[in-house]
Ligand SMILES: Nc1ncnc2c1ncn2[C@@H]1O[C@H](COP(=O)(O)OP(=O)(O)OP(=O)(O)O)[C@@H](O)[C@H]1O
Ligand SMILES: [Mg+2]
């Protein structure tokens, strides 16, 4: 009803004041319409611009660097104050030296690579398993009813709980490690996709149907791209779960045949009561996690969100 | 009788290819269409023909079942009873919100509709440019949906609907969310495009002026349940303007009728 009264007022205005603002458009005809339209478009067009590099450095790089410097300073201070004996609380320099020693032994890159390649392979397998699983749970009602709650439950079960079972099944082999990694990562990836599909605007699904995107074509052209932001969040979490499950498995399942990853390095440090090495290994594990996030997931996620105008 | 028999022949909601049939005298035919959601009857015994090339507006109070009716014609939902026949293939549908895919550029949105229509890849780019030109958005091909204004989004959505090359265009209050000036401009564009493409249009609105401004025929739907209450032929020639006196005159008459329909519910409840 509001629209009608508003329009009536418009009408009265035109009747009362002929030769008003709208007269010029009438005279100009088609050109007037195109011009009016161009004006409206120009007035109401947004363009997204990228931030200049200087500001980016100041706002995104400087704060974390300052935070790290601050933490290192506090650590050094605690060391100087002898809050704990040296063998329990080494200085940053001692940890650095321990890592440098590993570096000169020439084994550290191999250790890192062992873990990263295992984590990546486990993550890729989890991706291949978790994606169709997530789609099934999201789109097939009986499947969701049957395993949806179990899948969410599995996500909160610490995957380290699977290590004893996996060792009993597979012994001290790679299979044990990959089992634990998969049980950690698959639920996250599947649940991420389910959340992504659930958050799709139903209007997009209907629009897809109207233009003929049904069945597999609907899946490919509408459902998957629409679910992408949630899916990527799930992948990110899936990687985090892969990585921490892997560390748990490597820490517990140590044997010569399993080679030496970061988890085993940690365990070595513990058995020699070598606190600098333990802290060094923890730092390496943390740095690998951060590097993968910054180099792989963050750019992909930013790109997807920026395309959709979900990022300023 | 022959057309009725033809309508019987089709399975409900079938959209057969246009070439396989003798040309029927309508772009859409609804016969005794009813729709209920659970115990609530929304639409009751709707009978409506849209002639080829005709522009029909469907007018009714909020919640009377206009969107439900369009969804039925679009094949997004099935009628509880009655037959719907759309001989020209899958109808195009434009929503109140633009419903463009935000993961694609404006041009790619249109190209996706062209692809799903079966147009070969080599022709899609050019055809998308032509359609963007038709809605006066040449050059917006690479724009992201969020970079466009509300009016531009609706024009891209119109271009995407036209990309389906359907002979029936369904529009569900496509301009309701726009400001008055932009809406005026899009009325002019739609009238021009309708005249150029000779597409049949079934346009839903609750704005009486808009209905009279655009249509050759205005169909008034009653509420609860939705029935066809009255129809008006709109004889004035296009181009019209929403502030024309004859548009205003007929609008007053139709508004009276619409208010009567709404008042009737006040007495019943
Ligand atoms: N899927 C559904 N299930 C149950 N009820 C529904 C469903 N869809 C619509 N309705 C009901 O049907 C009635 C008509 O809805 P509809 O959206 O068709 O109205 P409308 O005429 O388009 O209204 P508006 O002008 O507000 O868009 C409303 O009362 C609504 O609550
Ligand atoms: Mg509606």
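The values are calculated or read from the model by the stated rules, or taken from the named source; none is laboratory data. Keep in mind it's a predicted model, so treat the numbers as computed, not measured. Methodologically, a virtual Cβ is constructed for each residue, glycine included, from the backbone with ideal geometry; neighbour enumeration extends over all protein chains shown.
On the stretch given as the range B:94-116, residues that are in contact with a strand residue (DSSP E or B) (Cβ under 7 Å, 6 or more places away or on another chain) and either within 16 Å of ligand 1 (Cβ to nearest atom) or at the interface with chain A (Cβ under 7 Å from one of its Cβ atoms) (or both) total 3.
Within the range B:187-213, track down each residue that is within 21 Å of residue B:254 (Cβ to Cβ) and either surrounded by fewer than 20 Cβ atoms within 10 Å (Cβ to Cβ) or within 13 Å of another protein chain (Cβ to nearest Cβ) (or both). Passing the criteria: B:187, B:190, B:191, B:205, B:206, B:207, B:208, B:209, B:210, B:211, B:212, B:213.
One residue stands out among those in the range B:173-182 that are within 12 Å of chain A (Cβ to nearest Cβ) and within 16 Å of ligand 1 (Cβ to nearest atom): the one that is nearest to residue A:41 (Cα to Cα), which is B:178. Residue pairs whose Cβ atoms lie under 6 Å apart, separated by 6 or more positions or on different chains, with the first residue in the range B:148-159 and at the interface with chain A (Cβ under 9 Å from one of its Cβ atoms) and the second at pLDDT below 90 and in a loop (DSSP other than H, G, I, E, B), are B:149/A:44; B:149/A:45; B:150/B:178; B:151/B:178; B:155/B:135; B:155/B:137; B:157/B:98. Filtering the range B:57-87 to residues that are in a strand (DSSP E or B) and either within 8 Å of ligand 1 (Cβ to nearest atom) or more than 23 Å from residue A:205 (Cα to Cα) (or both) leaves B:57, B:58, B:59, B:60, B:81, B:82, B:83, B:85.
Each residue in the range A:165-174 was checked for being free of Cβ contacts under 8 Å to residues at least 60 places away in the same chain and outside any loop (DSSP other than H, G, I, E, B), and 4 pass.
Within the range B:88-97, if we keep just the residues that are within 13 Å of ligand 2 (Cβ to nearest atom) and outside any strand (DSSP E or B), the residue that is nearest to residue B:206 (Cα to Cα) turns out to be B:96. Residues in the range B:38-56 that are more than 14 Å from ligand 2 (Cβ to nearest atom) and either part of a strand (DSSP E or B) or crowded, with 21+ Cβ neighbours inside 10 Å (or both): B:40, B:41, B:44, B:45, B:46, B:47, B:48, B:49, B:50, B:55, B:56.
Within the range B:98-135, the set of residues being in contact with a helix residue (DSSP H, G or I) (Cβ under 6 Å, 6 or more places away or on another chain), touching a residue at least 24 places away in the same chain (Cβ under 8 Å) and either outside any helix (DSSP H, G or I) or in the same structural domain as residue B:205 (by TED's automatic domain parsing) (or both) comprises B:98, B:99, B:100, B:101, B:102, B:135.
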